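The values are calculated or read from the model by the stated rules, or taken from the named source; none is laboratory data. In this text the structure is predicted, and so the values were computed from the model without any measurement. Because the Cβ atoms are built from the backbone with ideal geometry, glycine has one as well, and the counts that use them run over all protein chains shown. Keep in mind that these areas ignore ligands, DNA and RNA; they rest on the heavy atoms of the full protein, side chains included. Shrake-Rupley method; radii C 1.70, N 1.55, O 1.52, S 1.80 Å.
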Amino acid sequence: DARDWDGISEHLAQAKVYLRHGRVEPLWYDHHSQFPATVVMLYCEGLCLGGQGAAKLFHWGFAVLSAVALWRLTLRHVAPQAAGPAAWVLLSTPLFGWLATVGYVDLGSVFFCLLAVDYLLAWRREGGPADLARAGLMAGAGMTVKMQGLFTFGILFLAAVFWCFRLRRRLGPVILYAALAGSLAVPWYAKSWILTGNPVYPFAYGIFGGKHWSAPQAQAYAYHHASFGYGQLPPEDQWHKLSLLGKRMAGARHPLKLLIAPFTLTLFPEYYSPRQPRLTAM
């Protein structure tokens, strides 16, 4: 059902189909099958070894590793006495605990992105290019798990460039950071581009287009994503007529709504989980 839609009908199902076919091929009935899929590849291993339970152990393992990574990051760059509480806050977050029990991929991205931040901060403090190279590898790994890793990669890249100018360092290690991240991530996005005509299929349809997708589908998909959160969107036909800035400021994306999101997420979780009753959302 909707409480574990992506795990059952997407990630584990894709892994099972790939095992059955013995090769990677586009699953045109599932547009999510074009996403980067490093963790799904691990699910293939789990399904071979022991079925669905063994596959989900990989995601559970990323939960444990993420807590350790956050503990290490806090220990090194914040304060030793804060490391334990930081890991506990992460582990005790309800959504994080739930994700550890299902066949999603998000916690793999969390793990790699936490390590990327850790290594970037180490480079900023100590100046060693090896740490920035490690940050690039981890940011690249994050991009191979989930497209949201692109944003982490970009933010860390801009931060590294800023610190280079601020601290009067050479840009060479930053270029190495980007090259190493790209060496891991580009094959996934190139595969999608070759198969669909769009490296981030089915997103950015207005820029790249894409096979077996259409402008009405892209518009409906964008409206669906904008509907998550505390704030009422205009009717769909009116929302599509808004300017790009107007869409960014509508509903839950309004700056004030974003500011109070930690409180509304706690008090009104059903707005963040459409089609679920309040008790389930809580």
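Rolling a 1.4 angstrom probe over the protein heavy atoms, how many square angstrom per residue are accessible across the chain?
Working: 15610 Å² over 282 residues.
Accessible surface, normalised per residue, equals 55 Å².
Just the number, please: carbon plus sulfur as a percent of the accessible area of region 219-282, 1.4 Å probe, no ligands or DNA/RNA counted. Provide the component values of the computation, followed by the final result.
Working: 2910 of 4500 Å².
Using a 1.4 Å probe with all protein chains present, region 219-282 comes out at 65 percent carbon and sulfur.
HN-Hα J couplings of region 193-202 from phi, Karplus 6.51/-1.76/1.60, θ = phi - 60°, integer Hz, Gly and Pro as x?
These are the phi-based 3J(HN,Hα) values: 4, 5, 7, 10, x, 9, x, 10, 3, x Hz.
What fraction of the Cα pairs in region 234-282, stated in percent, has a spacing above 16 angstrom?
Values: 595 of 1176 pairs.
In whole percent, the share of Cα-Cα pairs in region 234-282 beyond 16 Å is 51.
Return one quarter of the surface area of the convex hull spanned by the alpha-carbon atoms of the chain, equal to its mean projected area, in nm².
Values: hull surface 66.9 nm².
About 16.7 nm², averaged over all directions.
Per-residue accessible area for residue 193 at 1.4 Å probe radius, Å² rounded to 10?
Accessible area, nearest 10 Å²: 140 Å².
Considering the options 63, 177, 207, tell which one lies farthest towards the positive end of the dipole of the chain, charges being +1 on Lys and Arg and -1 on Asp and Glu at the Cβ, about the Cα centre.
Result: 177, furthest along the dipole toward the positive end.
Give me a comma-separated list of calculated 3J(HN,Hα) values for region 223-236, in order, Karplus coefficients 6.51, -1.76, 1.60 applied at θ = phi - 60°, integers in Hz, x for any Gly or Pro.
For region 223-236, the Karplus-derived couplings read 5, 4, 5, 5, 7, 6, x, 8, x, 8, 7, x, x, 4 Hz, x marking Gly and Pro.
Please work out how much length the chain gains when fully extended from residue 49 to residue 76, using 0.36 nm per residue of separation minus the C-alpha to C-alpha distance, in nm with one decimal.
Numbers: separation 27, 0.36 × 27 = 9.72 nm, distance 3.70 nm.
Value of the extension gain: 6.0 nm.
Heavy-atom accessible area of residue 186 with all protein chains present, probe 1.4 Å, nearest 10 Å²?
So the heavy atoms of residue 186 present about 90 Å² to solvent.
Which value, in debye to the nearest 20, describes the size of the charge dipole of the chain about its Cα centre when Lys and Arg Cβ atoms bear +1, Asp and Glu Cβ atoms bear -1, and nothing else is charged? Please report the intermediate quantities before stating the final value.
Numbers: 24 positive and 14 negative charges, 167 e Å.
Charge dipole of the chain: 800 debye, to the nearest 20.
Between residue 280 and residue 179, what is the label-point separation in nm under the 7 Å Cα-to-beta-carbon projection?
Here the answer is 5.1 nm between the modelled labels.
Where does the chain land at 222 nm, in deg cm²/dmol rounded to the nearest 500, when only DSSP H runs of n ≥ 4 count, each adding -39500 (n - 2.57), divided by all residues? Display every interim value, and only then the final one.
Values: 16 runs with 190 residues, N = 282.
Calculated at 222 nm, the ellipticity per residue is -21000 deg cm²/dmol.
So how much accessible area does residue 25 have, in Å² to the nearest 10, using a 1.4 Å probe?
Ignoring ligands and nucleic acids, residue 25 comes out at about 40 Å².
With labels modelled as points extended 7 Å from the Cα through the Cβ direction, what inter-label distance (nm, one decimal) is found for residue 272 paired with residue 190?
About 3.8 nm separates the two model spin labels.
How far, in nm, would the chain grow between residue 20 and residue 166 when pulled straight, counting 0.36 nm per residue and subtracting the alpha carbon separation?
Working: separation 146, 0.36 × 146 = 52.56 nm, distance 5.35 nm.
Here the answer is 47.2 nm.
Any chance you could count the Lys pairs in the chain whose alpha carbons are under 22 Å apart, treating pairs 8 or more apart or on different chains as valid?
Qualifying lysine pairs in the chain: 9.
Heavy atoms only, 1.4 Å probe, whole protein assembly: order 278, 248 by accessible area, highest first. Don't skip to the end; give the middle numbers.
Values: 278 110, 248 155 Å².
Correct descending sequence by accessible area is 248, 278.
Calculate, in nm to one decimal, what residue 207 and residue 9 gain on full extension: separation in residues at 0.36 nm each, minus their alpha carbon distance. Please report the intermediate quantities before stating the final value.
Working: separation 198, 0.36 × 198 = 71.28 nm, distance 2.83 nm.
Full extension from residue 207 to residue 9 adds 68.4 nm.
Would you rank 272, 221, 177 by solvent-accessible area, highest first, keeping every protein chain in place and using a 1.4 Å probe? Kindly include the intermediate steps, with their values, before the conclusion.
Working: 272 65, 221 40, 177 0 Å².
Largest accessible area first, the list is 272, 221, 177.
For the chain, build the charge dipole from Cβ charges (+1 Lys, Arg; -1 Asp, Glu) around the Cα centre, then report which of 17, 74, 141 sits farthest towards its positive end.
74
Using a 1.4 angstrom probe on the protein heavy atoms only, line up 207, 260 by accessible area, largest first. Please list the in-between numbers first.
Working: 207 135, 260 60 Å².
Final ranking, largest accessible area leading: 207, 260.
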